[in-house]
Structure formats: C-alpha cells, structure tokens
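A short reminder: the numbers here are calculations on the coordinates, not readings from a lab. Every value quoted in this text rests on a predicted model; they were computed, and no experiment measured them. Every residue, glycine among them, receives a Cβ derived from its backbone with ideal geometry; neighbour counts consider all protein chains shown.
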Amino acid sequence: MTDQQPMNRRHPLRDSRVDQETARHIPDTPQTRSPSYPLAFTDVDFMLRDDLRPVRLQLELLKPDLMMQEFGVESTIVMFGGARIPSPDKKHTAKTETLAELSKYYDEAREFARIMTARNNGHRENVIVTGGGPGVMEAGNRGAQDAGGLSIGLNIVLPHEQAPNEYVTPELCFNFHYFAIRKMHFLMRAKAIVVFPGGFGTLDEMFESLTLIQTGRMNRVPFLLFGKAFWEKIINWEALADAGTIAHKDLELFKFVETAEEAVKAIDDWPSAGPRQSLEGR
C-alpha cells in the first residue's frame, strides 16, 4: 500500500488503509505499546469487548450484505435441512436406519438445486443458499455447482471444528458468530423456502420462518416441506390447529412435496401474495 489515494474515493481525506499501514511502522515506545494507542478499527481486543457487541452485530449484518450486493445477488432460494443426512452412496455410514432411509433426500435436494440454478440462465436471481455445512446443505450447494451456477453458504462457528462444504462458491461463503444475524441473511432475499428432514437447527429455522409468514412479518413465499411422512410423524400439525394454538388456515402456509420436480412445479404454481394483513384465528 502506498500513500497515493485510490482513484475511486469520494472525498479528499486520507485513506484508512494508508493509516493502517503507516501505523505498523511506528517507533516502539512505552506509549505506542499501550493498549490505548492502536487504531480502534484495527484493535481486535477492543472490538471483542462486551461493550462492542452492537457494533459486531452491525458488522455481521453489513459485511455479507455488501458482498452479496457487489456480487450481484438479487434473490435466493433457501434450503434448510439436516447435516447428518448422508448421500446415498454413503448411506452405510448413517448412524441410524432412519438416516440411511432419508439419504434419498440428499439426491432430491441436489436435483432441486440443479434445476433451480439451471433456470437462472446465468442471472443472479434465485441463487441457492444453504447453511454451508454437510448433509442436505452440501447437496444444495453441489446441485448449484452441477448446473454451473453460484451458491451461498452461511456458516456458523460451532464448538466442534467444521469447514464449509466444498461446493459453496468461495466468494459467497460467509461465517457468523450470531445466529440471529445469520437467520436474517437467510430470509432477506428469499423468494422460496424449502425444508428437508433435519434436527433442532432445521426445526428452529423452519418454525421461525413460518412464524414470520404467519404473523405478516414476511411475504407468503412458496414454503415446501420435503418428506410428508417424516414431518407428520414428528409434528402433529392437525393437533396444533384443533387445539387452537394455530389456525387451520395456517396449515395452508406450507405444502408437502416428495421430489425435486414436484417442488419446482409447486413454486411455479404458488399464488402471488404479499404479507398477511391479519393473524388468522385471533
């Protein structure tokens, strides 16, 4: 880095990158070694203080948003699903018989992502976005790559070491500390949401998304659940409606599908609608 100002700057003031580089070559004195002296925006210890949490939240919202804008991403297709579901060729590694049976949804997720990406014709609309991990997430990113397209991975730092899956577009691979901000990025550009069998994380993402649509905080985008037998076994949807904790009409906010082709058709046939104006059953 030189002292020369970048040509695209909108003001004549000294560039922060220049000062960052200059500060690396300051004399070593008791004053410059003091924690008070480093530039605030380059001071990691300062940035990690509890008091700076609002700034870190803002940065996690801003960084992926700016980078997706710069990359031209206009809208996304969200794919949620279990990290433990193996590909069919690795179903023998599944820890349970049920997970081995669910491996068929790896192929359906991969094919769905391939079809949706191929339909983009190189445009950056309806870009596949997953959590960036293994299982169904890997299948989604892999399907987009099969079609020669982009895909997004929104990873989260977990206590156990986990690298992003190899199929995420590197320039669109992000890492988060805050679950809440990651969830916002899943839904900010969503034109459709598809949910495959999964565990706590998948259930959390599914119900939060459904709640936003149910309460009118989000448009009624196509919302598809792969695997009716799985979902009806683990959730008694009708019991919720019969109890009055949700409205029977809330069961129309989503649709069950089994195959990639069925999912694509459901998205194409989904009626256009904005957000709800009232909460059913209240």
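Annotations
- For segment 141-149, Karplus couplings with θ = phi - 60° (6.51, -1.76, 1.60), whole Hz, Gly/Pro x: 5, 5, x, 4, 5, 4, 8, x, x
- Computed 3J(HN,Hα) for segment 233-249, one whole-Hz value per residue from the Karplus formula 6.51 cos²θ - 1.76 cosθ + 1.60 where θ = phi - 60°, is 6, 8, 10, 8, 4, 5, 5, 4, 5, 5, 6, x, 6, 10, 8, 4, 5, glycine and proline marked x.
- Under 17 Å from the Cα of K63 - lysines, other chains or at least 8 residues apart: K183
- Residue-by-residue Karplus 3J(HN,Hα) for segment 122-136, coefficients 6.51, -1.76, 1.60, Hz, glycine and proline x: x, 6, 9, 10, 6, 6, 5, 10, 10, x, x, x, x, x, 4
- Taking all Cα-Cα distances within segment 146-248, those exceeding 21 Å account for 46%.
- Candidate aspartates and glutamates for bridging to K255, where Cα separation is under 15 Å - those fewer than 8 sequence places away on the same chain excluded: E232, E238, D268, D269
- Rounded tilt (10° steps) of 53-71 against the dominant C-alpha axis of the chain: 80
- Since only I77, Y105, I152 are under comparison, the one whose Cα sits farthest along the positive direction of the charge dipole of segment 73-269, derived from C-beta charges on Lys, Arg, Asp and Glu, is I152.
- For the chain, radius of gyration divided by Kirkwood radius, i.e. Rg to Rh on alpha-carbons: 1.06
- Its relative contact order, with pairs defined as Cα atoms under 8 Å and 6+ residues apart, puts segment 73-269 at 22 percent.
- Proxy reagent accessibility, fewest Cβ within 10 Å first, across E258, E97: E97, E258
- Residues with amide H under 5 Å from that of A147, placed H, sequence gap 5 or more: none
- Debye, to nearest 20: dipole size of the chain, +1 on Lys, Arg Cβ, -1 on Asp, Glu Cβ: 400
- Its convex hull of Cα atoms gives segment 23-71 a direction-averaged projected area, equal to a quarter of the hull surface, of 4.6 nm².
- Pairwise FRET efficiency - Q277 versus D107, Cβ, R0 = 30 Å, nearest 0.05: 0.15
- Amide H contacts for A190 (H built 1.01 Å from N in the peptide plane; partners 5 or more residues away or on another chain; cut-off under 5 Å): T76.
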